[in-house]
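Structure first, commentary second.
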Amino acid sequence: MTAFVRNQWYVAAYGREVGRELLGRTVLGEPILLYRTEDGRAVALSDRCVHRRFPLSQAPSRLDGDQVMCGYHGFTYGTDGRCVFVPGQQRIPRTARLKTYPLVEQDSFVWVWIGDHEPGGLVPPRAPWMDSPGYTVVSGMEPIDGNYGLLVDNLLDLSHETYLHGGYIGTPEVAQTPITTEVDEAAGIVHVSRHMDDAECPPFYAKSTGIDTRITRWQDIEYHAPCLYLLHSRIAPVGAPGPGPDGSDPHAFHVEVVYGITPSTERTTYDFWAVARDFALGDEKVSEFLHSSNHTVVMQDVVALNALQKSLDTEKAGYQELSINIDTGGLAARRILARLAQAGADQPAAVAK
């Protein structure tokens with residue numbers, strides 16, 4: 001079971017999900033309430049009333065201006081977490097205060113900081129295609145009934161596309177082509193690349209790009225532990241010119257696949273997924289096709305990982321895994337996550353103010 005990594009930024013929601021309706025999410029086992037103030041600022045507070053621990057995201061709790069009123073006994077809180085009203089008395093207990101979470105809106109995501117100290121100068125990793133005018137994006141979120149480490153393993157070994165996602169994004173060449181792996185231990189980044197010089201064009205790309213020939217297909221993964229996965233995908237007809245010396249690549253189609261990997265509990269995960277493309281910009285039919293196809297692919301992963309978690313839960317202690325060359329990136333990610341988890345556990349707890 002991959003341990004939680006604290007003192008890090010995590011995706012809690014898409015910006016579009018956070019509004020004047022109270023939204024509850026659980027991140028690293030911590031229940032979090034998300035909403036927007038009347039002037040549009042996103043707020044993240046503990047999702048438990050200090051009185052009897054009623055979930056503030058649960059109706060009939062509601063917003064009164066920018067304040068949150070508990071729907072159970074009426075305790076009311078400001079955006080700073082301080083209780084401003086207690087029923088039946090004027091004195092408000094000093095401890096009547098909700099935990100607040102540092103929050104950043106970046107690249108269409110709402111990030112929250114989960115840790116024992118303030119983030120200081122640490123900022124979330126970037127996925128700039130998510131709100132770039134040069135890309136059109138489709139996205140969604142699916143919960144997984146499995147530990148987040150299973151999703152990390154899944155995404156860092158794309159050879160499973162051949163078998164689990166055949167007919168969508170998988171072709172024989174994905175499993176047959178060796179990978180190269182580079183690890184930046186200090187930065188906590190794993191790079192895994194697979195370049196296919198002559199591959200079948202799967203329906204996911206054939207129907208969205210219009211390519212009806214074999215393709216050159218590049219998959220360049222960039223995993224920022226513990227929370228963000230980027231897949232830089234390049235597709236071009238076989239024989240098309242490659243990228244120029246200045247980095248321009250007009251003869252290829254580019255897709256940026258983004259995953260926000262957010263542990264909810266030890267055995268549940270939020271799988272935030274997105275597909276950004278630099279072609280057919282604004283074409284609704286292409287967007288509908290890519291959204292439907294990628295949602296199917298994501299759900300195939302969800303079903304597989306749910307089954308895998310159930311299987312692991314029944315394993316006897318001391319069971320052995322067998323790892324091979326295609327697991328190099330995933331094993332590097334496991335090593336980094338273990339180190340980060342230990343570093344977070346070693347951090348002294350912040351003194352309550």
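The values are calculated or read from the model by the stated rules, or taken from the named source; none is laboratory data. Because the structure is predicted, anything quoted here is derived from the model rather than measured. Backbone-built Cβ (ideal geometry, glycine too); neighbour counts: all protein chains shown. Accessible surface is based on the protein model in full, side chains and every heavy atom, while ligands, DNA and RNA are left aside. Shrake-Rupley method; radii C 1.70, N 1.55, O 1.52, S 1.80 Å.
Over the range 95-171, what per residue volume does the convex hull of the Cα atoms give, in whole Å³? Kindly include the intermediate steps, with their values, before the conclusion.
Values: hull volume 14.4 nm³, N = 77.
Output value, Cα hull per residue: 187 Å³.
For the chain, the Kirkwood estimate of hydrodynamic radius, built from reciprocal distances between every pair of different alpha carbons, is 22.0 Å. Computed from Cα positions, the angle between helix 284-313 and the longest principal axis of the chain comes to roughly 70 degrees.
Find the accessible area per residue for the chain; the probe is 1.4 Å, ligands and nucleic acids are left out, and the unit is Å².
Working: 16710 Å² over 353 residues.
Value returned for the chain: 47 Å² of accessible area per residue.
Under 12 Å of direct C-alpha separation, and excluding same-chain neighbours fewer than eight residues apart, Lys310 reaches these aspartates and glutamates: Asp145. Across the range 237-319, Cα pairs under 8 Å and at least six residues apart give a relative contact order of 18 percent. For the range 155-229, pairs of C-alpha atoms spaced more than 19 angstrom apart make up 40 percent of the total. Please identify the cysteines of the chain that lack any partner cysteine with a Cβ under 4.7 Å from their own Cβ. Within the chain, the cysteines lacking a partner Cβ under 4.7 Å are Cys83, Cys201, Cys227.
Here the label points at Arg94 and Asp313, each 7 Å from Cα along the C-beta direction, are separated by 4.4 nm in the simple model.
Its Cα gyration tensor gives the range 264-306 an equivalent ellipsoid; the semi-axes, largest first and in whole Å, are 27, 11, 6.
For the range 85-99, the Karplus equation 6.51 cos²θ - 1.76 cosθ + 1.60, evaluated at θ = phi - 60°, returns couplings of 8, 10, x, x, 7, 8, 6, 9, x, 4, 7, 7, 8, 8, 5 Hz by residue, with Gly and Pro reported as x. Short-range pairs are left out: with C-alpha atoms under 8 Å and at least six residues apart, the relative contact order of the chain is 20 percent.
With the full set of protein chains in place, find how many percent of the accessible area of the range 261-353 is carbon and sulfur; take the probe as 1.4 Å. Don't skip to the end; give the middle numbers.
Working: 3030 of 5330 Å².
Percent of accessible area from carbon and sulfur atoms in the range 261-353: 57.
Derived scalar couplings between HN and Hα for the range 151-161 equal 5, 4, 4, 4, 6, 8, 10, 7, 4, 5, 4 Hz in order, rounded to whole Hz, by the Karplus curve 6.51 cos²θ - 1.76 cosθ + 1.60 (θ = phi - 60°), x for Gly and Pro. Heavy-atom accessible surface of Ile114, to the nearest 10 Å², is about 0 Å², with a 1.4 Å probe and all protein chains retained. Surface composition of the range 67-151: carbon plus sulfur atoms hold 51% of the accessible area, using a 1.4 angstrom probe and ignoring ligands, DNA and RNA. Just the number, please: Stokes-Einstein D of the range 65-217 in µm²/s, Kirkwood Rh from C-alpha pairs, 25 °C, 0.890 mPa s. For the chosen part, D equals 118 µm²/s. The GluC sites (Glu not before Pro) of the range 1-102 meeting both criteria, a DSSP state outside H, G, I, E and B (loop) and at most 13 other C-beta atoms within 10 angstrom of the site's C-beta, are Glu21, Glu38. A simple charge model with +1 on the Cβ of Lys and Arg, -1 on the Cβ of Asp and Glu and nothing else charged puts the dipole of the chain at about 1740 debye relative to its Cα centre. Qualifying trypsin sites (Lys or Arg not before Pro) in the range 74-133, where qualification requires a DSSP coil assignment and no more than 12 other C-beta atoms within 10 Å, comprise Arg91, Arg94, Arg126.
Note on the range 2-136: percent of Cα-Cα distances in each 10 Å bin, starting at 0 and stopping at the bin with the largest distance, equals 12, 40, 32, 13, 3, 0. Rounded to whole Å, the principal axis extents of the Cα atoms in the range 252-353 read 50, 45, 26, largest first.
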